[in-house]
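*Asks:* Dropping a structure here in structure tokens format, bear with me for questions.
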Amino acid sequence: MTADPTLRANLERCLDEIREACDLASRDPAEVRLLAVTKTATSIETAEMATAMHEAGLEVLLGESRVQALAGKAADLGDLPFPVSLELIGSLQSNKARSAARFAARIHSLDRSSILHRLDACARELDRRIPAFLQVNLSGEATKHGFAEGEVEAALELARGLEGLEIVGFMTMAPRGTDHETARPCFARCRELRDRLAPDLPWLSMGMSGDFRGAILEGATHLRIGSHLFARNDGGSP
């Protein structure tokens, strides 16, 4: 399979922007992983973007918000001749935990204590230890999931005692309406929280299409970018 020229150009532009932000932050671009959010992309577009990422020498990380879509993409992409990491970035329902434990290479959105217990049980049944992020709600918005700042320490202690989970870092989303610059205080708080409570955790999943440059400046290691990668020349997205 060859990548669509528009998608390849979008990827190249995004990588240039990541490198520029890393230069500003005096960071090595190799520290920052790009996760292509494919939830609005067709299976063909997803495979083309995966191919473009592979051709660019990137680890192919793809993010889906729903477990059903993630499982479908796993089937659709099974014939690609290179490794693909399918990662869950949306809130996980308890009744989908077993499927998530089966198909998700990594989970970015552990947002409540009950799902920690449920996913741990499913992972142990499948003899897995799933790498996962604790989602932290630092904006205080009711529309966002995640542990409040004051709940994170207890959640971390709980999660670290579960054999089926390997906590690798924190994930957060900036408040609605912010941009690359105005989102930075939220990302800085997430980094500071990680540094204070769990300096041994290596990763911070933060930054999306509208604010990823600010996230890089504040220490993000995983960027969840969708529309910026899949935008079309007419300004639309798939």
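*Asks:* What is the packing order of peptides 206-213, 58-65, 11-18, taking the mean over residues of other C-beta atoms within 10 Å and listing the highest first?
*Replies:* Going from most to least packed, we get 206-213, 58-65, 11-18.
*Asks:* Whole-Hz ³J(HN,Hα) for each residue in the range 58-68, computed from phi via Karplus 6.51 cos²θ - 1.76 cosθ + 1.60 with θ = phi - 60°, x for glycine and proline: what do you get?
*Replies:* For the range 58-68, the Karplus-derived couplings read 8, 5, 8, 10, 10, x, 10, 8, 10, 5, 4 Hz, x marking Gly and Pro.
*Asks:* Then there is this: Test of the criteria: in the range 88-170, which GluC sites (Glu not before Pro) are in a DSSP loop and have at most 16 other Cβ atoms within 10 angstrom of their Cβ? Walk me through the numbers before you get to the answer.
*Replies:* On the way: sites: Glu125, Glu141, Glu149, Glu151, Glu153, Glu157, Glu163, Glu166; in loops: Glu141, Glu163.
Taking the range 88-170 and a limit of 16 other Cβ atoms within 10 Å, the loop GluC sites (Glu not before Pro) found are Glu141, Glu163.
*Asks:* Where the only charges are on Cβ atoms (+1 Lys, Arg; -1 Asp, Glu), what is the dipole of the chain about its Cα centre, to the nearest 20 debye?
*Replies:* Working: 28 positive and 35 negative charges, 131 e Å.
So the magnitude is around 640 debye.
*Asks:* How charged is the neighbourhood of Ala121? Take every other residue with its Cβ under 12 Å from the Cβ of Ala121, and add Lys/Arg as +1 and Asp/Glu as -1. Display every interim value, and only then the final one.
*Replies:* Numbers: positive: Arg98, Arg118, Arg124, Arg128; negative: Asp120, Glu125, Glu163.
So the surrounding residues net to +1.
*Asks:* A further question follows. Which shape class applies to the range 5-230: rounded if a/c is under 1.5, otherwise prolate when a/b exceeds b/c and oblate if not, where a ≥ b ≥ c are the square roots of the Cα gyration tensor eigenvalues? Mind dumping the intermediate values first?
*Replies:* On the way: a/c = 1.74, a/b = 1.09, b/c = 1.60.
Oblate, because a/c is 1.5 or more while a/b does not exceed b/c.
*Asks:* Output wanted: per-residue J couplings in Hz (rounded whole) for the range 226-231, from phi through Karplus 6.51 cos²θ - 1.76 cosθ + 1.60, θ = phi - 60°, x for Gly and Pro.
*Replies:* With the stated coefficients, the range 226-231 comes to x, 4, 5, 8, 9, 4 Hz.
*Asks:* Quick one: what are the phi-derived ³J(HN,Hα) couplings along the range 173-184, Karplus 6.51/-1.76/1.60 with θ = phi - 60°, whole Hz, x for glycine and proline?
*Replies:* Taking θ as phi minus 60°, the curve returns 10, 6, x, 4, x, 8, 10, 4, 8, 6, 7, 4 Hz for the range 173-184.
*Asks:* On to the next question. Assuming a ≥ b ≥ c are the square roots of the Cα gyration tensor eigenvalues, decide whether the range 129-226 counts as rounded (a/c under 1.5), prolate (otherwise, with a/b larger than b/c) or oblate.
*Replies:* Since a/c reaches 1.5 and a/b is larger than b/c, the shape of the range 129-226 is classed as prolate.
*Asks:* Averaging sequence separations of C-alpha pairs under 8 Å and six or more residues apart, then dividing by the length of the chain, give the relative contact order as a whole percent. Write out the running numbers ahead of the final one.
*Replies:* On the way: 456 pairs, mean separation 47.7, N = 238.
Relative contact order of the chain: 20 percent.
*Asks:* Considering the options Ile216, Leu15, Ala41, tell which one lies farthest towards the positive end of the dipole of the chain, charges being +1 on Lys and Arg and -1 on Asp and Glu at the Cβ, about the Cα centre.
*Replies:* Final value for the positive-end residue is Ala41.
FYI, it's all coordinate maths here, none of it is from the lab. Small disclaimer: the values here were computed from a predicted structure and weren't measured. Neighbour counts run over all protein chains shown; Cβ positions are idealised from the backbone, glycine included.
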